[in-house]
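What follows is one structure encoded as structure tokens, with my remarks underneath.
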Amino acid sequence: MEIRFRKLPIGKKLRVINLLIVSLVTLLTISSMSFFMYGSLRHDYQKNAATLSAMLAQSVNSALLSNDAKAAQGALDGLRTVRDVLHAEIYDQSGHLFARYARENNTFNALPSFDPSQYEKTAHFGSLALDNVSPVLSVSPDKKQIGTITISMDLVDAHTHLVNQIGVLLLVGLLSFILIAALLTKLQKNITLPLLSLTKAMHKVSKDGDFSARATLVSQDEIGELASVFNQMLDELSKRENSLHQELKERRLIEERLSEIAHFDSVSNLPNRNSFNSQIDRALINYKYDLEKFALMFLDLDNFKYVNDTFGHHAGDLLIARVAERLRGSLRQEDYIARLGGDEFAIIMYDFTGISQISAVTGKILAALQQPFFLEGHEAFIGASIGITICPDNGEDRETLQRQADSAMYHAKSLGKNTFQFYQADLSLAHKNRINIETQLRRSLEHDEIVVYYQPIVEIPTEKIVGFEALARWIKQDGTIVQPDDFIPLAEETGLIIDIGSHLITSSAVQTAAWVNRFGQIFTSVNFSSRQFRQDDLANDVLKALKNAGLQPCYFEMEITESILMNNSSDSMNILGLLIDQGMGVAIDDFGTGYSSLSYLTSFPISKIKIDRSFIAKLPNDRNALAVVTAIIGLAKSLNLKVVAEGIETVEQFACLAKLGCQYGQGHLFGNPLPAVEATKLLEMRSSQSALSKQHYLGSL
Ligand code: C2E
Ligand code: MG
Ligand code: MG
């Protein structure tokens, strides 16, 4: 009961309490009034009975004294006029009934003698009769009791009257109860309504999260104050909520941006490698559950680096964006394209009928990319190599499929670019190895693994370092150094030599410019492959690299093999002509090993010949080698060409060459190919050199 009451809302609680109090008060009032009325009624009847008794006592006094029962009866009969008297008795001095009166229809049998106990019965509260017993005293001075008068009053009428009165009282009480209860309910609403409004507002805030809800200010009492404080608190909260909302919005925007950065490539507007990884995982799950096949393609642009280096990075970015557009245009909406980085893209193709359909789509992509690109006023031509693998035909996990698409792509590249290849599991091991090395070599540039080493070239008579030959080294991430003979041929074959060569030109130009600035005249000679001469813009590229490095062309030398001159292609000649015109030196490398025709020496303004180290190695004792070297030195002198002996390893070779009048020398005796820092240290010592003090050897020979 108590718990149920506790659970009631305040309004109901107050109503219950009010009703209880009002009922209690009304009941108490009515019952006390009834009690009082009844008491006073009895008192009145008592008094009346006593008065009647007194009056009767006087009138029966003499009748008792004279024992005149008739007179006493006459006095009693006078009571007939008093309606409420039920019966009355007069007893004489000895207690015997002397005279009696009973109202009509009253069957009361008077007691023959006076018995006080009989009258005690009627004395109690609630009885319907009320008796009065009075003595009759003599009028003589001794006032002796000469008899007793008993009068019994009928209370029935009085009771009926009283009941009616109580009924009226109850009616009035009920009306007042209703009135007071209504009044209290109304008053109580003054308290509960503001509380209700406050509670409603609180509910709106706590349940619906609606911070715009406000409590209605109904009263100006403590609850009103509470509501106003509550509203103020809500104002404050909604301000905070708004700023929190704003902050959350900003945070969401930042998160969206971050996720965009994390998953999108801003240059191509395509998903990036992260997204691609997730996508391929999704494709694999789809395959697992729905057996939906898919083809994975890796696409690598041909000549992208060239465009980037020639027209600048901005043009390169533009090209990537345009390539992305063309890829989109060549594929269906449901196919997935991502940029993996650099000039590499990945495509996931779903819902195809067979290899012929994939081939058709790939052909379409290649055709689209072969069209010229117009980039900031330049016209650029690129191509692409595409490697394709199919899930589940070739594999069912991400790593395998990626490796296969990668290897198929390099297979395509090795076949001469702008083509596509499906992954073939049965490629020969040698082929696979080659593709593997090619893949690594391709990545080596991106990872800055191709480093320039510098081998000093000295002036033989003075032994001073006059220049360096720039030699490429491939330093893998695990620290292993790959020598040029192990990767230059492959680079030439795959065309990668163009990118490697351009890296060598740029780096060595910058390094030489620094040396020239610091140490004065120093030249660097760089090896050029015949493949590089197939580039239309080679001369311009070289001059641009020199210009960017701030190096005059006279400090830069090209080493070419006889074969380039012998091919005598007009393009190569034009390139060489352009560079020589700018003051650049051209050296014939590995002289003596190639063609025996020497006509090109006279027809072309070369500046230097480098005697191949195979002849130097046989000096000084091999007569044939000595004869060839002597002849070459003589030829150079007569054609006014500088001559460098390569591969000088011993002091004897050095002495021999000095004796033969060879101007310049290069070889382990003077220094191995060194990283730029080490080469710089050599130069620092140059001013105070003899770097290789061998004068005493020369003296002894
Ligand atoms: P090369 O142009 O004839 O370079 C000279 C080679 O002889 C270098 O080998 C050098 O380390 C080596 N050498 C120098 N002194 C001695 C010596 O005293 N004894 C012996 N045995 N060898 C010596 P490296 O660096 O292995 O280069 C080999 C070839 O690779 C070069 O021959 C050159 O044809 C080619 N190469 C190197 N770097 C490049 C490059 O950046 N571009 C091109 N296209 N070819 C390069
Ligand atoms: Mg060389
Ligand atoms: Mg050489």
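The values are calculated or read from the model by the stated rules, or taken from the named source; none is laboratory data. Note that the coordinates shown come from a computational prediction; the quantities given were computed from them, not determined experimentally. All Cβ positions, even for glycine, are placed from backbone atoms using ideal geometry, and neighbour counts span all protein chains on display.
May I ask you to list the residues in region 432-456 that are hydrophobic (A, V, I, L, M, F, W, C) and more than 16 Å from ligand 2 (Cβ to nearest atom)?
435, 437, 441, 445, 450, 451
Among the listed residues 273, 214, 257, which satisfies the condition of being under 23 Å from the mean Cα position of the chain (by Cα) and surrounded by 14 or more Cβ atoms within 10 Å (Cβ to Cβ)?
273
Any idea which residue in region 613-644 is surrounded by the most Cβ atoms within 10 Å (Cβ to Cβ), counting only those that are within 16 Å of ligand 2 (Cβ to nearest atom) and either of a type in the set (D, E, K, R) or in contact (Cβ under 8 Å) with a residue 60 or more places away in the chain (or both)?
Checked region 613-644; the qualifying residue surrounded by the most Cβ atoms within 10 Å (Cβ to Cβ) is 644.
Any residue in region 65-85 that is over 20 Å from residue 144 (Cβ atoms) sitting within a Cβ distance under 7 Å of a residue that is assigned to a loop (DSSP other than H, G, I, E, B)? List the pairs, counting only those 6 or more apart or interchain.
Filtered contacts from region 65-85: 85/103.
Would you say residue 565 is surrounded by 14 or more Cβ atoms within 10 Å (Cβ to Cβ) and touching a Pro at 6+ places or on another chain (Cβ under 8 Å)?
no
Which numbered condition in (1) part of a helix (DSSP H, G or I); (2) over 29 Å from residue 160 (Cβ atoms) is the only one that residue 119 fails?
(2)
Kindly check whether there is at least one residue in region 162-172 that is touching a helix residue (DSSP H, G or I) at 6+ places or on another chain (Cβ under 8 Å) and exposed (fewer than 13 other Cβ atoms within 10 Å of the Cβ).
no
Being closer than 28 Å to residue 303 by Cα and not assigned by TED's automatic domain parsing to the domain that holds residue 306: is that true of residue 612 here?
no
Working carefully through the options 611, 588, 606, find the one that is within 16 Å of ligand 3 (Cβ to nearest atom) and in contact with a Cys (Cβ under 9 Å, 6 or more places away or on another chain).
Just one listed residue meets the conditions, 611.
Only one of (1) within 16 Å of ligand 1 (Cβ to nearest atom); (2) under 28 Å from residue 634 (Cβ atoms); (3) aliphatic (A, V, I, L, M) is not met by residue 538, so which one is it?
(2)
Could you check residue 19 against (1) in contact (Cβ under 8 Å) with a residue 24 or more places away in the chain; (2) more than 30 Å from residue 223 (Cβ to Cβ); (3) hydrophobic (A, V, I, L, M, F, W, C) and say which number it fails?
(2)
Filter region 299-338 down to residues that are crowded, with 20+ Cβ neighbours inside 10 Å, modelled with pLDDT under 85 and of a type in the set (A, V, I, L, M, F, W, C), then give me how many there are.
Final tally of qualifying residues: 1.
Can you name the condition, by its number, that residue 560 falls short on among (1) closer than 11 Å to residue 586 by Cα; (2) under 52 Å from the mean Cα position of the chain (by Cα)?
(2)
Can you name the number of the only condition in (1) closer than 28 Å to residue 563 by Cβ; (2) surrounded by fewer than 21 Cβ atoms within 10 Å (Cβ to Cβ); (3) touching a residue at least 12 places away in the same chain (Cβ under 8 Å); (4) among the hydrophobic types (A, V, I, L, M, F, W, C) that residue 542 fails?
(2)
For residue 557, indicate whether it is at pLDDT below 85, in contact with a Gly (Cβ under 9 Å, 6 or more places away or on another chain) and within 16 Å of ligand 3 (Cβ to nearest atom).
No.
What number goes with the only condition from (1) away from ligand 2 (no atom under 16 Å from the Cβ); (2) of a type in the set (Asp, Glu); (3) in contact (Cβ under 8 Å) with a residue 60 or more places away in the chain that residue 589 does not pass?
(1)
I need every pair where a residue in region 656-677 that is touching a residue at least 60 places away in the same chain (Cβ under 8 Å) has its Cβ under 6 Å from the Cβ of a residue that is within 16 Å of ligand 2 (Cβ to nearest atom) and assigned to a loop (DSSP other than H, G, I, E, B), sequence separation at least 6 or different chains.
The qualifying pairs are 665/648; 666/646.
Which of the strands (runs of 3 or more DSSP E) found entirely inside region 418-515 contain at least 3 residues meeting this: more than 45 Å from the chain's Cα centre (by Cα) and surrounded by 22 or more Cβ atoms within 10 Å (Cβ to Cβ)?
Hits in region 418-515: 450-459, 464-475.
Quick check, is residue 323 in a helix (DSSP H, G or I), under 12 Å from residue 295 (Cα atoms), hydrophobic (A, V, I, L, M, F, W, C) and touching a strand residue (DSSP E or B) at 6+ places or on another chain (Cβ under 9 Å)?
So residue 323 does not fit the description; no.
Go through (1) more than 60 Å from the chain's Cα centre (by Cα); (2) within 16 Å of ligand 3 (Cβ to nearest atom) and name the single condition residue 650 misses.
Exception for residue 650: condition (2).
Suppose we filter 628, 644 for residues that are farther than 18 Å from residue 563 by Cβ, of a type outside the set (Ser, Thr, Tyr) and within 14 Å of ligand 3 (Cβ to nearest atom); which single one remains?
Answer to the selection: 644.
Identify, please: which residue in region 516-539 is charged (D, E, K, R) and part of a helix (DSSP H, G or I) and is, among those, surrounded by the fewest Cβ atoms within 10 Å (Cβ to Cβ)?
518
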